[in-house]
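Quick notes on the structure that follows.
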């Protein structure tokens, strides 16, 4: 139920082999104590393997990692080589096409509850920001559309207030997707995925239905005149949810 790039598949970029295997081993250990935990079926892909991303069947996995980023040993800056940038930017959406029903935020909530964590100790997170991408084809602006990289900012991140300004300034088309529970807008080849009022209200209602403790947003400074905060808060009050 998050809206970032036009995709929902979980993707991480790891720095080197040791970190990847240590992290994954530790993650698996955390899952072992509860028999109710969802099984982890993970793997990773890297360009040098020469295995086509289009051949990955994501239905066989719960987690897929896209590797690797480069670490500058002098300043500890993490970068992605210009050679890998196009491959990384389309990795998730390409894999997603093989399994478009890959679970979103609801699966995570259910997994925690099934693992034994009380719903009253969970809060649902949602963003007051989105991510902008440059479409490969301006006539194909839907979720999972092909992109050539980030837009507007170096990593594509953009606050909700800035998104609203972009929509007004560019006459952008806005779309709410009730299946993803997310919004996107587009103008020309610029595509932005984000959460608007309807998405926030739907997620707040979801939190109530699941008996969650409440919600947590990030971050208040990116909101547009407290619009999203106001929508969430008012509905919580109407639903008598005690934070």
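The values are calculated or read from the model by the stated rules, or taken from the named source; none is laboratory data. Just so it is clear, the structure is predicted and the values come from calculations on it, not from any experiment. Methodologically, a virtual Cβ is constructed for each residue, glycine included, from the backbone with ideal geometry; neighbour enumeration extends over all protein chains shown.
Could you list all residues from region 191-222 that are closer than 21 Å to residue 156 by Cβ, under 18 Å from the mean Cα position of the chain (by Cα) and surrounded by fewer than 23 Cβ atoms within 10 Å (Cβ to Cβ)?
217, 218, 219, 222
Give the residue, chosen from 8, 3, 73, 12, that is at pLDDT 50 or above and either surrounded by 15 or more Cβ atoms within 10 Å (Cβ to Cβ) or closer than 26 Å to residue 155 by Cβ (or both).
Residue meeting the stated conditions: 73.
Mind listing just one residue for me: the one in region 76-118 that is part of a loop (DSSP other than H, G, I, E, B) and modelled with pLDDT under 75 and, of those, farthest from residue 181 (Cα to Cα)?
Here the residue is 98.
Within region 111-143, count every residue that is under 17 Å from the mean Cα position of the chain (by Cα), surrounded by fewer than 17 Cβ atoms within 10 Å (Cβ to Cβ) and closer than 16 Å to residue 189 by Cα.
Within region 111-143, residues that are under 17 Å from the mean Cα position of the chain (by Cα), surrounded by fewer than 17 Cβ atoms within 10 Å (Cβ to Cβ) and closer than 16 Å to residue 189 by Cα number 1.
Identify the single condition in (1) surrounded by fewer than 18 Cβ atoms within 10 Å (Cβ to Cβ); (2) at pLDDT 90 or above; (3) in a loop (DSSP other than H, G, I, E, B) that residue 154 does not satisfy, given that it satisfies every other one.
All conditions are met except number (2).
Of the conditions (1) closer than 25 Å to residue 132 by Cα; (2) exposed (fewer than 11 other Cβ atoms within 10 Å of the Cβ), residue 57 clears all except one; give me its number.
Among (1) closer than 25 Å to residue 132 by Cα; (2) exposed (fewer than 11 other Cβ atoms within 10 Å of the Cβ), the lone unmet condition for residue 57 is (1).
Scan region 133-145 for residues that are touching a helix residue (DSSP H, G or I) at 6+ places or on another chain (Cβ under 8 Å) and at pLDDT 90 or above and jot them down.
133
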